[in-house]
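First up is the structure itself, then whatever we jot down about it.
The values are calculated or read from the model by the stated rules, or taken from the named source; none is laboratory data. Note that the structure is predicted; figures quoted are calculated from it, not measured. Ideal geometry is used to build each Cβ from the backbone, glycine not excepted, and the neighbour counts take in all protein chains shown. Ligands, DNA and RNA are excluded from the accessible area calculation, which covers all protein heavy atoms including side chains. Shrake-Rupley method; radii C 1.70, N 1.55, O 1.52, S 1.80 Å.
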Amino acid sequence: MIRKVLFVDDDQILQRAVGKQFEAHGGQFELVFADDGFDAVKKLEKVSVSLICTDLMMPRMDGASLLAHVSENYPDIPAIIISELSNDQLEHLIAADGVVGYFKKPFQAGRLAPKILEVLQDEANGGIMHTISPATFMQLMEMEGKTCTIRMLDNHSVEGAILYLKDGILFDARVGRLRGIDAAYKAFAWDEVTVFFKNECKLGENRVNSDLQGLIMGALAAKDEREGASAGETEGGSRGSDLIAGIHADDDFQPPADSLAGPTAKNEEDSGDSRQILQQKLSELDGIEAVYYDEKAAAVMKKLDHLGEQSAFGSLKAVHVQNRYGKNHIIVPGETPTVLAGGSGLSVDRILVLLQNEQ
């Protein structure tokens, strides 16, 4: 996936000349043109951009106003100023955070191209990964405890995301004007992406406040909801999407009144699958408060199983969910999924090993 550079100038002749001269760099970056600051603002809402090159003297919205807008709404996008004004006249803008270069008109494209490539190389100083699912990539980042800034480009559209990670935890995300958890949901619902990551992260506030598993489930819910709406799904189909979002928002599963409590509980509906294994082994485990069957979780498990198959992880064995209060739930797939609920003392690792060895 080729990264995009937004070139903003009201001079149509200059646009055509720059486009022609930069054709040789088509395999390294792609130019997107905007006629003035106002046009650039609209382009930024729809197209993922790695760098902005902008003139200052333009109609409707000048370059200084555009840079102020970018600084407030897209602080991750650096800018190069191209202007007829002198350095002294532009001193306050050139020194602004996010401005990485200045070229005085008339300029030579042969000098601008190396600067663009330098900025793009810095954006990917941590590496590049092609054709990977967002969920798989984020799981890798979580396991490695990475602190980095990620530009993620959807391979099937012009959209992209910026993700900020500290020690493998997602703190913030942006897709167009979306920020925080809404942006993460949208990015994680993409099928395949190209990823560029930078080994540093300018952290702000934590706008996400969610574990990765919750984000993946929320993204699948949002995707299912969008696809259901476009296909005109019935009301029954949308309820499955609402369930996933509800699990994330409530941060808890509520066991039914007749849930199985204690290590000796037995359910006559056992069918010889993983539930029966769990029932037989409960006496060896600590911290279990309830074991129950949850038909509503079937849609969630089906989507996660599909995700695992697509990512070459194999079939889904179990899902561990921990809410902000330390409450643990292990969900075991089946026609009617089984949920084991417990507090911080629940033997999560032992249960997962048991399922891996005996399923």
Please state which of the following conditions ASP211 fails to meet, knowing it meets all the rest: (1) without any contact (Cβ under 8 Å) to a residue 40 or more places away in the chain; (2) on the phi < 0 side of the Ramachandran plot; (3) out of contact with any Leu (no Cβ under 6 Å at 6 or more places or on another chain).
(1)
Open to solvent by 10 Å² or more (accessible area, probe 1.4 Å) and under 15 Å from LEU112 (Cα atoms), is that true of GLY27?
no
Whether any residue in region 303-317 is in contact with a strand residue (DSSP E or B) (Cβ under 7 Å, 6 or more places away or on another chain) and either closer than 17 Å to THR136 by Cα or modelled with pLDDT under 70 (or both) is what I want to check.
yes
Test each condition in (1) in a loop (DSSP other than H, G, I, E, B); (2) buried (at least 17 other Cβ atoms within 10 Å of the Cβ) for ALA135 and report the one that comes out false.
(1)
Find the residue count for region 1-60, including only residues that are among the hydrophobic types (A, V, I, L, M, F, W, C) and assigned to a loop (DSSP other than H, G, I, E, B).
8
So ILE80 ticks every box in (1) open to solvent by less than 40 Å² (accessible area, probe 1.4 Å); (2) out of contact with any Lys or Arg (no Cβ under 8 Å at 6 or more places or on another chain); (3) part of a strand (DSSP E or B) but one. Which box is left unticked?
(2)
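Return the residue satisfying two criteria in turn: it lies in region 76-115 and is among the small types (Gly, Ala, Ser) and touching a residue at least 24 places away in the same chain (Cβ under 8 Å), and of such residues it is nearest to LEU56 (Cα to Cα).
SER83
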Considering only residues that are more than 18 Å from LYS4 (Cβ to Cβ), in contact with a Leu (Cβ under 7 Å, 6 or more places away or on another chain) and open to solvent by less than 20 Å² (accessible area, probe 1.4 Å), which ones fall in region 157-188?
LEU170, ALA173, ALA184, PHE188
Just one of (1) open to solvent by less than 30 Å² (accessible area, probe 1.4 Å); (2) farther than 17 Å from MET1 by Cα; (3) acidic (Asp, Glu) trips up ASP154, so point out which.
(2)
Any chance region 118-131 includes a residue that's touching a helix residue (DSSP H, G or I) at 6+ places or on another chain (Cβ under 6 Å) and either surrounded by 14 or more Cβ atoms within 10 Å (Cβ to Cβ) or under 23 Å from LEU215 (Cα atoms) (or both)?
no
